[in-house]
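Notes to accompany the following structure.
FYI, it's all coordinate maths here, none of it is from the lab. All values derive from a computational prediction rather than experimental measurement. Every residue, glycine among them, receives a Cβ derived from its backbone with ideal geometry; neighbour counts consider all protein chains shown.
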Amino acid sequence: MDSLATRTDSGWRLPAVPNLHSHAFQRAMAGMAERRTDPADSFWTWRETMYRFAGRMTPDTMHAVAAQLYVEMLEAGYGSVCEFQYVHHQPDGTPYDDPAAMSLALVEAARDTGIRMTLLPVLYMTGGFDGRPLGERQARFGHDVDGYLRLLEKLRALESPDLQIGACFHSLRAVPEPAMREVLAAVPGTMPVHIHIAEQVGEVQDSLALRDARPVEWLYDNFDIDARWALVHATHLTEDETLRIVASGATVVLCPTTEANLGDGLFPLRDYLDAGGRWGIGSDSHISISPVEELRWLEYGQRLVTRRRNIAVGISESVGETLLHGALANKPAVTGIDTSGDWITLDDSAPTLAGATQADLIDRWIFSGNRSAVDTVHVGGQALVAGGRHRDRDAIAARYGAAIRQLLA
Ligand code: NGQ
Ligand code: ZN
């Protein structure tokens with residue numbers, strides 16, 4: 001396999017990495033849910049903290065938080081982001097004067113920073129597989145199908161090479177089957193479709209109890225899933241489900257640092273790679289914003305359970321090269337965006353890269369040290385990051401600091 005690293009006059013050049021899963025507002029709470037509130041603390045108790053933060057966001061704070069997040073993404077080597085946006089309305093569920101206000105705040109943040117965005121307005125209708133209504137804290141997430149399609153239509157008018165719109169179902173818990181069908185029938189057949197699925201054991205158990213099928217099994221039994229589908233997490237899979245995902249050409253979006261932080265479980269990576277599955281990475285809750293750390297922990301999780309080394313090795317013998325190839329391959333179907341011209345350079349003076357060759361550069365970038373080695377980032381021909389710093393880093397950080405103080409007040 002040819003290396004993704006090329007030597008240029010300005011140092012080692014690599015493709016920028018697409019970030020396939022983000023909830024921008026969660027950047028504001030990263031590191032603030034790490035105290036035990038109950039011996040049974042879990043994903044579900046974390047979610048209560050997360051809902052409290054979601055409840056405080058306004059279009060202005062959303063804009064400030066997302067701009068800071070996107071600066072950090074670019075500085076880490078991501079060139080594009082899929083934004084899974086479900087905080088749509090005022091806290092009591094009343095739409096803003098402009099029902100797209102929150103989504104537009106994210107679009108503005110992407111424009112401020114220069115990151116490419118696939119905006120995924122989320123359909124969120126029910127509080128569980130049993131179809132129960134949204135809880136009080138979920139009120140601002142909700143839409144009926146018509147309102148959702150109007151939002152999609154409005155946002156699609158903004159599409160450009162830097163901004164694409166996709167369809168998005170929060171999860172099988174949150175969207176009843178008829179609504180999924182209506183949306184899929186109404187949107188173009190090439191539009192990316194993203195969904196959270198099978199992240200937690202509790203979700204698999206509920207699905208078995210109420211639908212007599214596991215989430216991924218149920219999805220494949222009931223819908224034609226193809227390459228435009230992004231299945232976020234898909235942590236808990238049987239062998240049969242794993243093979244059905246591979247055969248469909250869908251992309252599994254792995255978010256290793258968030259999945260570790262939330263105690264989700266471990267995706268069956270080796271089996272999935274053996275079968276030829278497509279995957280990508282996302283920073284999701286933004287507990288970490290680094291493609292290096294996502295890829296490193298994708299591999300380390302597997303090492304820890306198998307008690308072996310060098311697991312994610314495919315046609316290449318380099319783990320780093322294999323991982324980076326995987327994270328970059330086949331993304332237009334799930335992003336709608338052509339990122340092939342976006343690239344980063346690494347800092348030639350970084351001690352961790354001293355004496356690197358094309359054969360070991362990517363392994364060293366991913367597995368050695370913690371100081372970011374990203375020097376420049378070029379998106380759509382523009383240098384957004386130079387010397388490791390985004391061009392508007394300071395102004396955006398100042399606005400972020402003010403927004404956080406307001407959120408925490
Ligand atoms: C979310 N996040 O929507 O932000 C979810 C939690 C849920 C992650 N799963 C809420 N990482 O799944 O209900
Ligand atoms: Zn998510």
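Calculated on C-alpha atoms, the gyration radius of the range 266-369 divided by its Kirkwood radius gives an Rg/Rh of 0.96.
Of the residues GLY369, VAL379, LEU407, the one whose Cα sits farthest towards the positive end of the charge dipole of the range 254-409 is LEU407 (charges of +1 on Lys and Arg Cβ, -1 on Asp and Glu Cβ, taken about the Cα centre). Suppose we look only past 12 Å in the calculated P(r) of the range 117-162. What percent of the Cα-Cα pairs does that tail hold? Above the 12 Å cut-off, the range 117-162 has 67 percent of its Cα pairs. When each of TYR148, TYR220 is scored by the number of other beta-carbon atoms lying within 10 Å, the sequence from fewest to most is TYR220, TYR148. Computed extension length for THR94-ARG47: 14.7 nm, one decimal, from 0.36 nm per residue of separation with the Cα-Cα distance subtracted.
Phi-derived couplings, Karplus 6.51 cos²θ - 1.76 cosθ + 1.60 at θ = phi - 60°, listed residue by residue for the range 103-112: 4, 5, 4, 5, 4, 4, 4, 5, 5, 4 Hz, with x used for Gly and Pro. Ordering GLN205, PHE141, PHE223 by Cα displacement along the dipole of the range 141-252 toward the positive end leaves PHE141 in first place; charges were set at the Cβ atoms of Lys, Arg (+1) and Asp, Glu (-1).
For the range 248-340, the Cβ-based charge dipole about the Cα centre amounts to some 260 debye (Lys, Arg positive; Asp, Glu negative; other atoms uncharged). This ranking places GLU239, GLU199 by how few other beta-carbon atoms lie within 10 Å of each, fewest first, which gives GLU239, GLU199. The slack in the chain from LEU304 to GLN358, taken as 0.36 nm per residue of separation less the alpha-carbon distance, amounts to 16.6 nm. Computed from the C-beta positions of ARG7 and ALA386, the FRET efficiency with R₀ = 25 Å rounds to 0.80. Packing, taken as the mean count of other beta carbons within 10 Å per residue, orders the peptides 26-34, 380-388, 12-20 from highest to lowest as 12-20, 26-34, 380-388.
With a Förster radius of 30 Å applied to the beta-carbon distance between ASP394 and GLU317, the computed FRET efficiency rounds to 0.10. Remark: LYS154, LYS331 ranked as LYS154, LYS331, counting other beta-carbon atoms within 10 Å and listing the fewest first. Projected onto planes of every orientation and averaged, the convex hull of the alpha-carbon atoms in the chain covers 19.2 nm². Using only alpha-carbon positions in the range 221-270, the gyration tensor eigenvalues give semi-axes of 21, 12, 9 Å once each is multiplied by 5 and square-rooted (largest first).
For the range 215-270 versus the range 1-29, the spacing of their alpha-carbon centroids is 23 Å. Pairwise Cα separations in the range 154-313 fall into 10 Å bins from 0 onward with the following percentages, short to long: 10, 37, 36, 15, 2, 0. For the pair the range 309-344 and the range 123-160, the centres of their Cα atoms are 32 angstrom apart.
Over the residues of the chain, the helix contribution to mean residue ellipticity at 222 nm works out to -12000 deg cm²/dmol, using -39500 (n - 2.57) for each DSSP H run of at least 4. For the range 247-343, the list of trypsin sites (Lys or Arg not before Pro) that fall in a loop by DSSP and count at most 16 other C-beta atoms within 10 angstrom reads ARG307, ARG308, ARG309. A quarter of the convex hull surface defined by the alpha-carbon atoms of the range 1-150 gives 12.8 nm² as the mean projection.
Expressed to the nearest 5 percent, the antiparallel share of DSSP beta bridges inside the range 244-392 is 70 percent. Restricting attention to the chain, close to 35% of DSSP beta bridges with both partner residues there are antiparallel.
With K and R counted +1 and D and E -1, the other residues having a Cβ less than 10 Å from that of PRO59 yield a net charge of -3. Taken about its Cα centre, the range 1-119 carries a charge dipole of about 280 debye when Lys and Arg each add +1 at the Cβ and Asp and Glu each add -1 at the Cβ. Each Lys and Arg Cβ is given +1 and each Asp and Glu Cβ -1; about its Cα centre, the range 58-200 then shows a dipole of about 280 debye.
Residue ranges 108-114, 350-356 sort as 108-114, 350-356 when ordered by packing (mean number of other C-beta atoms within 10 Å per residue, highest first).
Descending by average beta-carbon neighbour count within 10 Å, the peptides 211-217, 285-291, 4-10 line up as 285-291, 211-217, 4-10, the highest first.
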